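Everything on this sheet refers to the single structure shown next.
The numbers here are math on the coordinates, done by the rules we state, and not lab data. Quick caveat: nothing in here was measured; it's all calculated off a predicted structure. For neighbour counting, all protein chains shown are included, and Cβ atoms are generated from backbone atoms with ideal geometry for every residue, glycine included.
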Amino acid sequence: MYYSNGNYEAFARPKKPADAAKKSAYIVGSGLAGLAAAAFLVRDGQVPGNQIHVFEELDLPGGSMDGILNEQRGYIIRGGREMEPHFETLWDLFRSIPTLENADVSVLDEFYWLNKADPSNSQTRVIEKRGNKLASDGQLTLSRQAIEEIAKLVLTSESQLDNVKINEVFGSDFFKSNFWLYWSTMFAFEPWASAMEMRRYLLRFVHHVGTLQNMSALKFTKYNQYESLVKPLIKYLQDHGVKFQYNTVVNNIVVKQNDTQKQAVKIELTVKNEKQTLDLTTDDLVFVTNGSITESTTYGDNEHPAPQTHPIGASWELWEKLAAQDPTFGQPAKFYQDIPEANWTMSATCTFSDDRIIPYIQKITGKDPRSGSIVTSGPVSIRDSNWLLGISISRQPHFQQQKSNELIVWLYGLFSDQPGNYIHKKIADCNGQEICEEFLYHIGVPENQIAEIAQAANSIPIHMPYITSYFMSRQAGDRPLVVPKGSQNLAFIGNFAETKRDTVFTTEYSVRTAMEAVYQLLDVDRGVPEVFDSAFDLRTILSALYYLNDKKRLAELPLNQVEKVGLNAFLKKIHGTYLEEIFKAEKLL
Amino acid sequence: MNKKYLLLIPAALAAGAVITHHLSKKHHHCCHHQHHCCSQQTKIAENEPVYLRETQTSGHGL
């Protein structure tokens, strides 16, 4: 496998790999990674679809990709993934997947056209004091020291950040900045999350520093991601004969090892409570989704909190069984044990059927939520919320079946260990109505109307004990490589497998690991698109510097006399050069 | 002297001054590999929002 960039490789099709027709594939987990692996096996590996088997513990596919209309509970969104144009492998996949409505239109076409017509642009990113826009909203408000700390983290080698946490590398200036508020709420970083992961994000998304304030870089699917991404992908795979086996728990994969090679030789599984085994040869490829952020999710309703249980569940247990066989298969406990009490674990989906909250939404977003356009463009965060509540309202309808009078609001609270400001309970202890009441309080609904509106809404609290486990502080080796050294037929896929430079908690990471796994195990002779290279682009770095300083030119930076002398000498040196042109283009001069 | 060198001398002096300045600066409150090195010395008051106060914890409660 090798990485590539540019159109030459992007538009090329690989030749059929040797022995492709002889291969069978067993994919554990039908989340985006598993589905992508199946699609790459079909499209690029040219493995016959009926030789590809997907095992899924639940009775439906999609993994963490939401949402669903549950007949008993109502609309449920656990959370959506933010997406951007430079998810290179994701778009490489979805260019080939037809939409359900029109086989001549790809999912990428639909997405592209829709986001051209209805681009993201957040008018209010942060509110406080019950529905009022934060006075400094739109500015990153980073001090010089905070910017230096960002630069220091970026310049630190990843190898020096083993087990280091974010609040060990940044000081109060940084945390008090809007940058941190935007950053943490957009990506769900807690202060004790991995500094290694934070560094990857800083580099991976450096081209978005200038859009953190308005989130204009984000792109959104037509409906929820289950309907707009997962369902077309399932149809594509079914049309190609891929076999899906639901209610199937993979308990263990037995790996035989010698000094240089590792080979999966047996799958032990439980199908509808019946134990089975499957013997494997080297022509049988195994792709394992190890770990899950939505494992053991529980749901409440308007009157009941979501049960606070957190068994580790089948995906983590399987990873433990594998890790016990070989140290290169990672350290799963690092991600699911000792999850801090304050971590984000709760979200809620509120469905409103009347118009009473519309004016409050309009006041904050400047948009009519019934217009069919993007409403919040990612989250609107509530700075003074004890839960650090965030609000996200997608294009309505968010579900194909949604009625025209229904408005769906997704809420999440990044801090689970504190009582709310209006409801004096921890978010995890609240029923749906109470979470909704806390939300209504913060958007400025008069207190005498809060209970009545919340009672009329249908709010589903959702407890996800492992939702931030991707960001637990970690060290090299805690995640297994996509294809561990010496592995002949076993690969790890999804956001707990390790690939270079890319960032977890993204759809791109799921698809990338799937693509790399298929290309390696099948020896597909085409480049895997590399992680977008903005971190190596001088223009992007300079532009980020401009925006980190809230659009200040170099001459406006707070430099001391010595630094000013140095800067002037530098500017003199680059005068009339290509460098000066770039500095000017990026508004630093 | 060549004009090229005339430009380089002040640039080198300035660069040297900047490096000396930074090396002589006291190490600020952030450092890697020391648990809560930053948070122990931060100035985040009790009346700040929860998300700021939580930066001083390890996530196991304020």
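Which Cα, out of A:MET464, A:TYR578, A:SER143, lies furthest along the positive dipole direction of chain A (beta carbon charges, K/R +1, D/E -1)? So the residue we want is A:TYR578.
Ranking A:ILE582, A:ILE27, A:ILE358 by Cβ neighbours within 10 Å, fewest first, what do you get? Walk me through the numbers on the way to the answer.
On the way: A:ILE582 17, A:ILE27 30, A:ILE358 14.
Fewest to most other Cβ atoms nearby, the residues stand as A:ILE358, A:ILE582, A:ILE27.
For the pair the stretch A:1-61 / the stretch A:66-144, the C-alpha centres are spaced 26 Å from each other. Each residue of the stretch A:127-140 was assigned a 3J(HN,Hα) from its phi angle through the Karplus expression (A = 6.51, B = -1.76, C = 1.60, θ = phi - 60°), giving 10, 7, 6, 6, x, 9, 5, 4, 4, 8, 4, x, 10, 7 Hz with x at Gly and Pro. Percent of Cα pairs in the stretch A:294-383 per distance bin of 10 Å, from zero to the largest separation: 12, 28, 24, 20, 12, 4.
The mean count of C-beta atoms from other chains within 10 Å of the C-beta of residues in A:148-155, rounded to a whole number, is 2. Helical content alone sets the calculated 222 nm signal of chain A at -8500 deg cm²/dmol, taking -39,500 (n - 2.57) per DSSP H segment of four or more residues and averaging over every residue.
Percent of alpha carbon pairs in the stretch A:221-360 separated by more than 26 Å? Above the 26 Å cut-off, the stretch A:221-360 has 48 percent of its Cα pairs. Ranking A:SER292, A:HIS398, A:LEU153 by Cα position along the charge dipole of chain A, where only Lys, Arg, Asp and Glu carry charges on their C-beta atoms, puts A:LEU153 farthest toward the positive end.
Dipole check for chain A: with +1 at the C-beta of Lys and Arg, -1 at the C-beta of Asp and Glu, and the Cα centre as origin, the magnitude is about 1280 Debye.
Would you mind calculating the gained length between A:GLU581 and A:VAL105 on full extension (0.36 nm times residue separation, minus the Cα-Cα distance), in nm to one decimal? Could you put the intermediate results ahead of the total?
Numbers: separation 476, 0.36 × 476 = 171.36 nm, distance 4.14 nm.
That works out to 167.2 nm of additional length.
Exposure proxy ranking for A:VAL154, A:VAL42, A:VAL47, based on other Cβ atoms within 10 angstrom of each Cβ and starting from the fewest, stands as A:VAL154, A:VAL42, A:VAL47.
Dipole magnitude for the stretch A:535-585: about 120 debye, using +1 per Lys or Arg Cβ and -1 per Asp or Glu Cβ, origin at the Cα centre.
For peptide A:171-182, what's the mean number of Cβ atoms from other chains within 10 Å of each residue's Cβ?
Values: counts 11, 13, 5, 4, 11, 7, 0, 0, 0, 3, 3, 0.
That average works out to 5.
For the stretch A:158-260, applying the loop criterion from DSSP together with a ceiling of 15 other beta carbons within 10 Å to the chymotrypsin sites (Phe, Trp or Tyr not before Pro) yields A:TYR246. Along its principal axes, the stretch A:535-585 has C-alpha extents of 30, 26, 16 angstrom, given from the largest down.
Ordered by the count of other Cβ atoms within 10 Å of each Cβ, fewest first, A:LYS222, B:LYS43 give B:LYS43, A:LYS222.
Step through the table entries A:LYS15/A:LYS116; A:LYS152/A:LYS551; A:LYS23/A:LYS256, compare each Cα-Cα distance with 28 Å, and write down the pairs that go over it. Spell out each step's value before the answer.
Details: A:LYS15/A:LYS116 34 Å; A:LYS152/A:LYS551 21 Å; A:LYS23/A:LYS256 19 Å.
As for pairs spanning more than 28 Å Cα to Cα, those are A:LYS15/A:LYS116.
Along the axis of the charge dipole computed for the stretch A:535-585 (Cβ charges of +1 for Lys and Arg, -1 for Asp and Glu, origin at the Cα centre), the listed residues A:ASN549, A:LEU559, A:ALA535 are led at the positive end by A:LEU559.
Please report Rg over Rh for the stretch A:1-139, where both radii come from the alpha carbon positions and Rh follows the Kirkwood definition. Intermediate results must be reported in sequence, preceding the final value.
Values: Rg = 20.0 Å, Rh = 18.8 Å.
Reported Rg/Rh, Kirkwood definition of Rh: 1.07.
Remark: the stretch A:103-118, residue by residue, has Karplus-estimated 3J(HN,Hα) of 5, 8, 10, 7, 4, 5, 4, 4, 4, 5, 5, 5, 6, 5, 6, 9 Hz, where x stands for each Gly or Pro and the curve is 6.51 cos²θ - 1.76 cosθ + 1.60 at θ = phi - 60°. Close amide H pairs (under 5 Å, H built 1.01 Å from N) link A:VAL126 with A:LEU134, A:SER381, residues at least 5 positions away or on another chain. On a per residue basis, the convex hull of the C-alpha atoms belonging to the protein assembly as shown measures out at 173 Å³.
Counting only other chain Cβ atoms within 10 Å of each residue's Cβ, the peptide A:559-566 averages 5.
Applied to the stretch A:11-18, the Karplus parametrisation 6.51 cos²θ - 1.76 cosθ + 1.60 on θ = phi - 60° returns per-residue 3J(HN,Hα) values of 8, 7, 10, x, 6, 5, x, 4 Hz, with x for Gly and Pro.
Calculate the dipole size of the stretch A:448-589 relative to its Cα centre from +1 charges on Lys and Arg beta carbons and -1 charges on Asp and Glu beta carbons; express the result in debye to the nearest 20. The partial results should precede the final answer.
On the way: 16 positive and 17 negative charges, 108 e Å.
Roughly 520 debye, rounded to the nearest 20.
Rank-order A:121-128, A:2-9 by packing density, defined as the average count of other C-beta atoms within 10 Å over each peptide's residues, highest first. List each step's numbers first, then the result.
Numbers: A:121-128: 20.8, A:2-9: 11.9.
So the peptides A:121-128, A:2-9, ranked by packing, come out A:121-128, A:2-9.
Centroid-to-centroid, using Cα positions, the stretch A:365-395 and the stretch A:536-582 are 36 Å apart.
What number do you get for the stretch A:413-466 when its Cα radius of gyration is normalised by 2.2 N^0.38 Å, N = residues? Walk me through the intermediate numbers first.
Numbers: Rg = 11.0 Å, N = 54, 2.2 N^0.38 = 10.0 Å.
With N residues counted in the stretch A:413-466, Rg over 2.2 N^0.38 Å equals 1.10.
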